[in-house]
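K.L.:
Just passing along the structure, written as structure tokens.
The values are calculated or read from the model by the stated rules, or taken from the named source; none is laboratory data. Just so we're clear, the structure is a prediction, and the values are computed from it rather than from any experiment. Here Cβ is always computed from backbone atoms with ideal geometry, including for glycine, and neighbour counts include all displayed protein chains.
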Amino acid sequence: LFDSLTRSLRRFEPREAGKASVYTCGPTVYNYQHIGNMRAYVFADTLRRVLAYKGCHVTHVINITDVGHLTSDADAGDDKMEKAASAQGKTAWDIAAFYEADFKADLARLNITGMQHPRATDHIDGMIEWAKSIADKHCYELEGGLYFDTSTVPNYAALAGRTKQDQVAFDESAHMRISEVEGKRHAADFAIWRKTPPGEARQMEWDSPWGRGAPGWHIECSVMSKALLDHPFDIHTGGIDHREIHHPNEIAQNQAHSGCDHSGATIWMHNNFLIDRRGKMSKSSGEFLRLQTLIDKGFHPLAYRLMCLQAHYRSEMEFTWEGLAAAFVRLKRMVMGIAQLKAQAPAAAIDGRVLLPAMFERARLNGLPEGIDKSVITDLNTAELLAWIDVFIKLDSKSGQSDFEFIAPELRLQAIEKADEVLGIGLLRLKRDDLRIRPVTAQITEPEIEALLAHRKEARAAKDFATSDRIRDDLIAAGVEVMDGDPLGWDWKLDI
Ligand code: AMP
Ligand code: ZN
């Protein structure tokens, strides 16, 4: 696994044999998640699946930030939740509940499963206790609240790749930002507790030794990861932007709390951005794509998961509609190819799961399981794993894979299922009909399409080509592409 702290591939050794603990920085629920955010969770979920595939019992936490995150990660601006609440004329609590539910629905649609979702507002007491324990040695109080002094921990921002000298230069060049908070000692110092300004009331505020107010954003992840996973745990993940500010601050808090004993986690991993032509997809830019936007246009959400898995998580991934369409076609081909394999395999072999592992063992598949294993364990090479699935599906097409020609369909299905444990697409469960997603703009219904196609078939059988062409033209006008002779037997699709 690639560890951002050492900037190197490291062999993962669980702290406790057979168990793995993973913490993923979750969403700030003041708005919908965009598909760039969802890339971060597809990555974290794939990591969880890899660890499970290797036999670990995984405890995975993705927190819900429902308080504390300001419009700038560097501790300036308004509170995101309160700002959204006043813009929408709702309470901050309503905003949080609504977007949390929407986030969880998106997770389910992408097969991102098996994790806990603690909310920051349920851990305020823990944050206050943590702050008390580090206040004397590592913090100072200002008008605005309690601030963390980043010079009190060794190698602050090592995760961001900054040396001590870099940090001094960074502080100097960023003195503009210091002035945003009067009295801050270093640009990188950050709020642990934000006092509500006199004469103001926040919707979300609590009493503390530093006055009534709300926690800073970074403290929640230190507190919740310790509460649910204990410190140090195995792997911490997040998007690559967190490598610069949020995670260095988490590490600083963890160092302070543990007497500079550890950073909180053994390995720190970061996914790269989803970008589009305008650059990094972000919520603050106003325009962004939600998973629901893709579904409205007729794409299956798992085509987006597949699109993510085709790229390496550490590479930037550019979103284009053509790219998504290609991933959707690939998904359809996989599902149809697997349907063919299922048709060839004896029913007992598909249902009799207990029999299969033994058969798989006995078949000694010329290193294929090792091949899969290598793709999986080498820093999540999901693209290569997908290529393995293509090999299994296309075995019949004389693709030159002579070594594999003798492998029975049920064994190939078994191998696909194994690989899919990591990919998390659910390839053996998906059916062709599941992949028919109706674009919201479609004017015509499925039964209407089927009826017209049946009529066209009759016309063609009667050699009435004028009628058959007219029906085809009508269907095209209604946005339906008729797919005569499609190798996988896909007869039509709604144009998207
Ligand atoms: P936020 O709700 O802004 O705190 O972001 C939630 C998660 O999404 C964090 O791990 C971010 O690093 C990640 N993230 C934000 N934008 C993108 C993007 N365009 N591509 C990939 N990950 C992103
Ligand atoms: Zn976090």
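K.L.:
Surrounded by fewer than 21 Cβ atoms within 10 Å (Cβ to Cβ), more than 17 Å from LEU146 (Cα to Cα), touching a residue at least 60 places away in the same chain (Cβ under 8 Å) and within 16 Å of ligand 1 (Cβ to nearest atom), is that true of ASP241? Don't jump to the end; show me each part of the working.
P.N.:
Details: surrounded by fewer than 21 Cβ atoms within 10 Å (Cβ to Cβ): yes; more than 17 Å from LEU146 (Cα to Cα): yes; touching a residue at least 60 places away in the same chain (Cβ under 8 Å): yes; within 16 Å of ligand 1 (Cβ to nearest atom): yes.
Answer is yes for this residue.
K.L.:
Ok, one more. Could you grab me the full set of residues in the range 297-319 that are surrounded by fewer than 20 Cβ atoms within 10 Å (Cβ to Cβ) and modelled with pLDDT under 95?
P.N.:
Residue satisfying the conditions is LYS297 alone.
K.L.:
So, ASP379, is that one within 28 Å of the chain's Cα centre (by Cα), modelled with pLDDT of 65 or more and not in a helix (DSSP H, G or I) or not? Before you say what the answer is, go through the steps one by one.
P.N.:
Details: within 28 Å of the chain's Cα centre (by Cα): yes; modelled with pLDDT of 65 or more: yes; not in a helix (DSSP H, G or I): yes.
Spelling it out, ASP379 is indeed within 28 Å of the chain's Cα centre (by Cα), modelled with pLDDT of 65 or more and not in a helix (DSSP H, G or I).
K.L.:
Hey, any hits in the range 59-80 for a residue that's at pLDDT 85 or above, farther than 16 Å from CYS25 by Cα and away from ligand 2 (no atom under 16 Å from the Cβ)?
P.N.:
no
K.L.:
Residue check: is HIS236 in contact with an Asp or Glu (Cβ under 6 Å, 6 or more places away or on another chain), under 30 Å from HIS57 (Cα atoms), within 14 Å of ligand 1 (Cβ to nearest atom) and touching a residue at least 12 places away in the same chain (Cβ under 8 Å)? Lay out the reasoning, then the answer.
P.N.:
Working: in contact with an Asp or Glu (Cβ under 6 Å, 6 or more places away or on another chain): no; under 30 Å from HIS57 (Cα atoms): yes; within 14 Å of ligand 1 (Cβ to nearest atom): yes; touching a residue at least 12 places away in the same chain (Cβ under 8 Å): yes.
No: the conditions fail for HIS236.
K.L.:
Which condition does THR46 not pass, out of (1) of a type in the set (Ser, Thr, Tyr); (2) modelled with pLDDT of 95 or more; (3) within 16 Å of ligand 2 (Cβ to nearest atom), if it passes all the others?
P.N.:
It is condition (3) that THR46 fails.
K.L.:
Let me ask something additional. State whether one or more residues within the range 261-274 are surrounded by fewer than 16 Cβ atoms within 10 Å (Cβ to Cβ), out of contact with any helix residue (DSSP H, G or I) (no Cβ under 6 Å at 6 or more places or on another chain), closer than 26 Å to PHE2 by Cα and modelled with pLDDT under 95. Break it down into steps so the answer makes sense when it comes.
P.N.:
Our first condition is that a residue be surrounded by fewer than 16 Cβ atoms within 10 Å (Cβ to Cβ); within the range 261-274, this holds for 261-262.
Next, only the ones that are out of contact with any helix residue (DSSP H, G or I) (no Cβ under 6 Å at 6 or more places or on another chain) stay: 261-262.
Then keep just the ones that are closer than 26 Å to PHE2 by Cα; that gives 261-262.
So of that shortlist, the ones also modelled with pLDDT under 95 come out as 261-262.
The answer is yes, given that some residue of the range 261-274 is surrounded by fewer than 16 Cβ atoms within 10 Å (Cβ to Cβ), out of contact with any helix residue (DSSP H, G or I) (no Cβ under 6 Å at 6 or more places or on another chain), closer than 26 Å to PHE2 by Cα and modelled with pLDDT under 95.
K.L.:
Something else now. Of the residues TYR23, TYR41, TYR53, which is of a type in the set (Phe, Trp, Tyr) and away from ligand 2 (no atom under 15 Å from the Cβ)? Quick ask: steps written out before the conclusion?
P.N.:
Numbers: TYR23 fails: away from ligand 2 (no atom under 15 Å from the Cβ); TYR41 fails: away from ligand 2 (no atom under 15 Å from the Cβ).
After applying the criteria, what remains is TYR53.
K.L.:
Assess whether SER21 counts as being at pLDDT 95 or above and farther than 22 Å from LYS280 by Cβ.
P.N.:
On the way: at pLDDT 95 or above: yes; farther than 22 Å from LYS280 by Cβ: yes.
Considered against the rule, which asks whether it is at pLDDT 95 or above and farther than 22 Å from LYS280 by Cβ, SER21 comes out as yes.
K.L.:
While we're on this one: Residues of the range 279-296 being among the charged types (D, E, K, R), at pLDDT below 95 and crowded, with 17+ Cβ neighbours inside 10 Å, which ones? Can you show your working first?
P.N.:
Restricting attention to the range 279-296, the residues satisfying the condition of being among the charged types (D, E, K, R) are 280, 283, 287, 290, 296.
Remaining after also requiring at pLDDT below 95: 280, 283, 287, 296.
Across the range 279-296, the qualifying residue is only LYS283.
K.L.:
Where in the range 34-130 are the strands (runs of 3 or more DSSP E), entirely inside, with at least 1 residues that are among the small types (Gly, Ala, Ser), away from ligand 1 (no atom under 13 Å from the Cβ) and in contact (Cβ under 8 Å) with a residue 40 or more places away in the chain?
P.N.:
Details: elements: 57-62, 70-72, 76-79.
In the range 34-130, 76-79 are the strands (runs of 3 or more DSSP E) which contain 1 or more residues that are among the small types (Gly, Ala, Ser), away from ligand 1 (no atom under 13 Å from the Cβ) and in contact (Cβ under 8 Å) with a residue 40 or more places away in the chain.
K.L.:
Moving on to the next point. Being among the hydrophobic types (A, V, I, L, M, F, W, C) and either crowded, with 17+ Cβ neighbours inside 10 Å or in contact with a Cys (Cβ under 8 Å, 6 or more places away or on another chain) (or both) is the requirement here; does VAL482 meet it?
P.N.:
Working: among the hydrophobic types (A, V, I, L, M, F, W, C): yes; either crowded, with 17+ Cβ neighbours inside 10 Å or in contact with a Cys (Cβ under 8 Å, 6 or more places away or on another chain) (or both): yes.
So VAL482 passes the test.
K.L.:
SER225: within 21 Å of the chain's Cα centre (by Cα), of a type in the set (Ser, Thr, Tyr) and within 15 Å of ligand 2 (Cβ to nearest atom), yes or no?
P.N.:
yes
K.L.:
Moving on to the next point. Does PRO248 count as touching a Leu at 6+ places or on another chain (Cβ under 6 Å) and within 16 Å of ligand 2 (Cβ to nearest atom)?
P.N.:
Details: touching a Leu at 6+ places or on another chain (Cβ under 6 Å): yes; within 16 Å of ligand 2 (Cβ to nearest atom): yes.
Yes; evaluated as a whole, the condition is true for this residue.
K.L.:
Within the range 231-252, take every residue that is hydrophobic (A, V, I, L, M, F, W, C) and within 21 Å of PRO14 (Cβ to Cβ) and give me the one that is farthest from the chain's Cα centre (by Cα). Reasoning before the result, please.
P.N.:
Restricting attention to the range 231-252, the residues satisfying the condition of being hydrophobic (A, V, I, L, M, F, W, C) are 233, 235, 240, 245, 251-252.
Checking which are within 21 Å of PRO14 (Cβ to Cβ) leaves us with 233, 235, 251.
Details: PHE233: 20, ILE235: 15, ILE251: 22 Å.
The extreme case among them is ILE251.
K.L.:
I would also like to ask the following. For the condition free of Cβ contacts under 8 Å to residues at least 60 places away in the same chain and either under 30 Å from ALA17 (Cβ atoms) or of a type in the set (A, V, I, L, M) (or both), what is the one hit in ASP261, ASP276?
P.N.:
Values: ASP276 fails: either under 30 Å from ALA17 (Cβ atoms) or of a type in the set (A, V, I, L, M) (or both).
Of ASP261, ASP276, the one residue that is free of Cβ contacts under 8 Å to residues at least 60 places away in the same chain and either under 30 Å from ALA17 (Cβ atoms) or of a type in the set (A, V, I, L, M) (or both) is ASP261.
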